[in-house]
């Protein structure tokens, strides 16, 4: 089985939910064994053996959370991520709320750690997923509820798992 | 009257519409005279006299359009933007489609041109507008139509105009 | 006197040194009273009264330090920064080491907090300072020593102070 | 032989020179056949057959050149880049001149095109190369000459070629 890890920071449960949808998509690929972990409780052994790691954070003022930033530097840097497939996702409270920039920052960090970053992009056809999926929760925008973004997270997970399998 | 310019690149009309909403918000502020311009037809004299300039582009693969990039370098650099208040906005076809990164790139360019960049941010209360407003059109996501984002563009325009007045 | 604050995170002393050069440039402008503060010891009263605040961090793997990220969210957000002039600077160990991206992230956060971000840019003539000054220390690149960048920090501080004065 | 393409936009010859150093590093890896191309004269057939593509631009006001932006959208999008290893590099006239942000933008575009982005990062040991190599030419900073950065470009090319070989 090919191990895949989806690691998140979550306060309200939105980013945890998004992580679970990604893992669901990953696990739909035969041979994939995807698990989700809160940064507070990562199974480091599993991560070390994983072919790919996807990391997600809510946007706090257009940046990743302080907890995620701290975890990336204090913990993730020492988990042997170099050479693994890397991905990122985010949640936000407004469509303009910074989720994409959070993803870009996480991917930047992953590339610095020696990972191969991949989202599928337009290369996989519609729905196009640019740098990674972003979900908007319903607190601020009445027309946006996290569930509306479910499919993007699931599809992203599936595409990511297929690529991880291909290059392993 | 304090002149304000909203300059956009638009193919399908979405970004033009967003620009007009921003100008509407600006013109709700007493003493403001806001006009919108396509990059193909900018009134350079008006821009030179403006206290503030807001620039917007659709996201094309998470970057501003080639036309906007070319205009920024060939034209905008020579329009005396230094010292003016600067802002940015974007449209995109998916919530994760790159609008925020387009805004960040435009603001980066504006700061390099010597502008003072401002969005209102959380300093103006709810709705929080982070780097600038982003609208998602309805082509790709059934639950997103540009009209749903109208208020953010109008409110952003109003906040921008008030700040321009304050520092002029 | 117009108060200006230069706030930094520093481990080895490089970013502290850069902060002091910026303050030196600021204090060369008549009427300016610039002080530097480590994030561990910020005079919040002074910051609240300041016309402008410049924030700097070393690049750790192309992101700001975890300590700076935490400080921005836990402390800076509650210091009444909205409406103040904002700037940013960075240090790094390689020319490609992420200093510019650190500055871009800090400026992004400042704009979200309602600040007006300004660097002088090409609008002030040579030396052009893009988003803010970056210094490379000598640990990794023999030809780069922080002192080589001294003038950029001083000039940046002076330009920033002049603009703060102009819009106060 | 594994084909690798290094594609650049260059006016003064600096970015062309950097591209040639990267190709030199690539060609030091057995089995690699690396060629450089100006965006004005790309051998599309070669690119389609390549296992990896590295793209570079000078920083113009902290953004890629308009010509590179246009080429990425009009040409590169239709060259079947999805699934290939992707990299980026830049040149600039000041250490703070925007090279890193140019690299980040190019990598963002490559990920949207479905590429796997890789730099080696800290995973390859010293010298650490973060998102990609940046060279500063000597026009503006007397202590910086492009030659000082030669090794980084060569080492980056070698690391990139090894990874391309590994995942092909």
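None of the figures in this text is laboratory data; all of them are computed from the coordinates on show. Just so you know, these numbers come straight off a predicted model, no measurement behind them. Note: ideal-geometry Cβ built from the backbone for every residue, glycine included; neighbour counts use all protein chains shown.
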Whole-angstrom gap from the range B:99-168 to the range C:21-42, using each part's C-alpha centre: 31 Å
Estimated Rh, the range D:1-84: Kirkwood, alpha-carbon pairs, angstrom: 13.0 Å
Could you work out [θ]222 nm for chain C from helices alone, using -39500 (n - 2.57) per DSSP H run of at least four and dividing by all its residues? Round to the nearest 500 deg cm²/dmol. -11500 deg cm²/dmol
In whole angstrom, and with the biggest value first, how far do the Cα coordinates of the range A:64-157 range along each principal axis? 41, 33, 18
Run the paramagnetic zone check for residue A:151: 7 angstrom along Cα to Cβ, then residues of the range B:108-147 with backbone nitrogen under 16 Å. B:137-145
Looking at the protein assembly as shown only, what percent of DSSP beta bridges run antiparallel? Nearest 5 please. 10 percent
Determine, for C:6, B:54, B:112, the number of other Cβ atoms within 10 Å of each Cβ, and report the residues in order from fewest to most. B:112, C:6, B:54
Shape metrics for chain B, restricted to C-alpha atoms - Rg then Dmax, Å: 14.3, 43
Chain D: which residue's Cβ hugs the D-to-B rotation axis most tightly, distance rounded to whole Å? D:69, 2
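Quote the relative contact order of chain A in percent (integer), defining contacts as alpha-carbon pairs under 8 Å separated by 6+ residues.
26 percent
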How do D:130, A:78 rank when sorted from fewest to most other Cβ atoms within 10 Å of their own Cβ? A:78, D:130
Kindly state, as a whole number, the per residue volume in cubic angstrom of the convex hull around the alpha carbon atoms of the range B:90-130. 68 Å³
Give me the distance in nm between label points sitting 7 Å out from Cα along the Cα-to-Cβ direction at residue A:12 and residue B:49, one decimal. 4.6 nm
Let me know the Rg and Dmax you get for the protein assembly as shown when you use only its Cα atoms, in Å. 23.0, 70
Quick one: label points 7 angstrom along Cα→Cβ at residue B:125, distances to the other copies in nm, smallest first? 4.5, 5.0, 6.0
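Mind ordering C:96-108, A:64-76 by average Cβ neighbours within 10 Å, highest first?
Per-residue Cβ counts within 10 Å, averaged per peptide and sorted highest first, yield C:96-108, A:64-76.
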If labels are modelled 7 Å from Cα along the Cβ direction, residue C:80 lies from its partners in the other copies at nm distances, smallest first, of 3.7, 5.3, 6.4
For a footprinting-style exposure proxy, rank C:9, D:41 by other Cβ within 10 Å, fewest first. D:41, C:9
Shortest first and in nm to one decimal, what separations exist between residue B:44 and its copies in the other chains, measuring from label points 7 Å along the Cα-to-beta-carbon line? 3.6, 5.1, 6.2
Residue with peak Gaussian network fluctuation, chain A [Cα springs, cutoff 10 Å], from A:34, A:82, A:23: A:82
